[in-house]
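Have a look at this one.
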């Protein structure tokens, strides 16, 4: 491992950046027009995420309506206090909401000091989806809010993954430009696929705890059982929470079996799934990034939820990604690709869909023990 990666990893581990805690260093800022109800749901979700995934320092969330007519001083002053404007823009720039709004995105990094790794924050610079009329029309207000809560779970899951990278993430995947291939940190299919497993699962477990649910008066089971059609709100809400129910898994599985079998567009699964399209992963254009979700589910099926999400991540810094994968899965990455491809190409759809495509019925925090993880140079 290059010297700077080792030094950064040791420093970050000594600071406890890879150790889950109940009172992490979080910074959550809201725009002027954010309602008390939505603020409450966001803060409630952050408590839920700490409980399920562990609390990790240096998480920053800015939630706002992208209307530049509002000053949003709470948000601007909060980010200014973290060094956002001083270290990430031209020297002497005046802190202003327009600068934040112009760099919206989740999950992105910013530095709060001169060292991008040691002074870095995970930043969810989040324009509220409720400000998008097309999204509102498609999901309705309630459905859009559930979509935003699901997105928050996905992005925080990435923050947890990053905490255990200890500065070793390379170019955000095992792409050809990663500084220490093939262990830039983790393959893109695993990073995105595993972070797509948690949102619907966690949201299902805690669905009735949010103000949006209490206001609508509709419980999770009632929504799932509904037979209403478009454009009823209950149909839109059911569509919005499909990551934990409602036919989405069956449709996805059947579509990819058909795409991978003879004459389909996704005929090979190999190391090209380890990096993002913008890093040269041309195979992802044939198989589509959504395919990564199924790969992660298949990995969970042949091992266990804890191995697929926690154990491999735990040893990835010490052993390298490929070494940790082989230790916990019992095969190399290439063999895994071959076995998954063979399973999908030879699957008989007349038998129906396999049970492993659904989230486990047990609660997330009782099935996946993120609080047990001990990564990096702790010994």
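Sort 215, 227 by Cβ crowding within 10 Å, fewest neighbours at the top.
On the way: 215 12, 227 7.
Going from least to most buried by this count: 227, 215.
So between residue 3 and residue 51, what do we pick up on full extension, going 0.36 nm a residue minus the alpha carbon distance?
Between residue 3 and residue 51, full extension yields an extra 13.8 nm.
Let me ask something else about it. For residue 366 and residue 11, what is the calculated FRET efficiency with R₀ set at 41 Å and r taken between the beta-carbons, to the nearest 0.05? Don't jump to the answer; show the numbers that get you there.
Working: r = 34 Å, r/R0 = 0.84.
The value I calculate is 0.75.
Then there is this: What ranking do 313, 43 get, fewest neighbouring Cβ atoms within 10 angstrom at the top?
So the residues, fewest neighbours to most, are 43, 313.
Based on the Cβ-Cβ distance of residue 108 and residue 265, what FRET efficiency does E = 1/(1 + (r/R0)^6) give at R0 = 22 Å, to the nearest 0.05?
The formula returns an efficiency of 0.10 here.
Relative contact order of segment 188-372, please, whole-number percent, based on alpha carbon pairs below 8 angstrom and at least 6 residues apart.
Once normalised by length, the contact order is 29 percent.
Quickly work out the residue 322-to-residue 355 label distance, labels modelled 7 Å from Cα along the C-beta direction, and quote it in nm with one decimal.
The answer from the label model is 3.6 nm.
At residue 90 and residue 141, where each label point lies 7 Å from the Cα along Cα→Cβ, what is the point-to-point distance in nanometres?
Calculated label separation equals 4.2 nm.
Find how much the distance from residue 132 to residue 70 grows on full extension, using 0.36 nm per residue of separation minus their present alpha carbon separation; answer in nm with one decimal.
20.6 nm is the gain from fully extending residue 132 to residue 70.
A further question on this structure: Tell me the label only: which of (i) 5, 25, 35, 24, 9, 1, 0; (ii) 4, 16, 16, 12, 12, 13, 10, 6, 4, 3, 2, 1, 0, 0, 0; (iii) 5, 22, 31, 27, 13, 2, 0 is P(r) over Cα pairs in 10 Å bins from 0, in percent as calculated from this structure?
(iii)
So if each residue of separation counts as 0.36 nm, and I subtract the Cα-Cα distance between residue 115 and residue 215, what length gain in nm does that give?
Answer, rounded to one decimal: 31.5 nm.
Return the distance in nm (one decimal) between the two label points of a simple spin-label model at residue 43 and residue 25, each offset 7 Å from Cα along Cα→Cβ.
If labels sit at residue 43 and residue 25, their model points lie 2.2 nm apart.
Here, each number is a calculation from the coordinates, and none is a lab measurement. The model shown is predicted, which means the values in this text are computed figures rather than measured ones. FYI the Cβ positions are ideal-geometry reconstructions off the backbone, even for glycines, and counts take in every protein chain you see.
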